[in-house]
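What follows is a set of notes on a single structure, which appears directly below.
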Ligand SMILES: [Zn+2]
């Protein structure tokens, strides 16, 4: 069955690679954002609805509500600009380059990224404490099952261009988060792998006992078309690198 998807629809997916080499091509609609709690200043922390629902499921899984607090979620482009400028002024160039993404190149502008902190004492807005022990460690280990990855792991700065951020999680969705986590790769490396998967030579894989068929087609401003088997659930997401990744539930 032939499906057609527009450029805007494709960017409502969860596989967008956003970094200093791939600025975000389409921003989320305001109506897609919901609050996941309040930050230290009492302002709502917003996430895209799909990411918010799974964050809540993840916190349920580890009984983390209250012990883990949202620190920063969706940021408007102007907010990222102000944060970048403030950080540059207060902490200088090296620190800012390591921890704050360039405006337009921040995952926080997608509404799919969340900085979380351990609810203990004063919480640092730029670098909240999120240890690998206790409930925070449990959150980190359960994240992939709920579709989240630790986006900037230690030792991956050459690839991500961002220093280790143990507090920054990114919603990728199922099964991709589990596939990334099992391989121990970054989103950059995973996106590269998917570039090789075509409709004729898809990636056939398994995650949590389910089979998946994954392929990629080129995506332009006009959108794109692809074929999926009739009656089979599927999802599609722009990769923000000129392609659309199609995930079909089942061994198509
Ligand atoms: Zn972050």
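Throughout, read-outs are computed from the coordinates displayed, never taken from laboratory work. As the structure is a computational prediction, the values presented were derived from the model and not from experiment. Backbone-built Cβ (ideal geometry, glycine too); neighbour counts: all protein chains shown.
Restricting the range 175-203 to residues that are in contact with a strand residue (DSSP E or B) (Cβ under 7 Å, 6 or more places away or on another chain) and in a loop (DSSP other than H, G, I, E, B) leaves a set whose member that is nearest to the ligand (Cβ to nearest atom) is 175.
The lone criterion from (1) in contact with a strand residue (DSSP E or B) (Cβ under 8 Å, 6 or more places away or on another chain); (2) farther than 24 Å from residue 17 by Cα left unmet by residue 60 is number (1). Before we move on, is residue 213 in contact with a helix residue (DSSP H, G or I) (Cβ under 9 Å, 6 or more places away or on another chain) and in contact (Cβ under 8 Å) with a residue 12 or more places away in the chain? Considered against the rule, which asks whether it is in contact with a helix residue (DSSP H, G or I) (Cβ under 9 Å, 6 or more places away or on another chain) and in contact (Cβ under 8 Å) with a residue 12 or more places away in the chain, residue 213 comes out as no.
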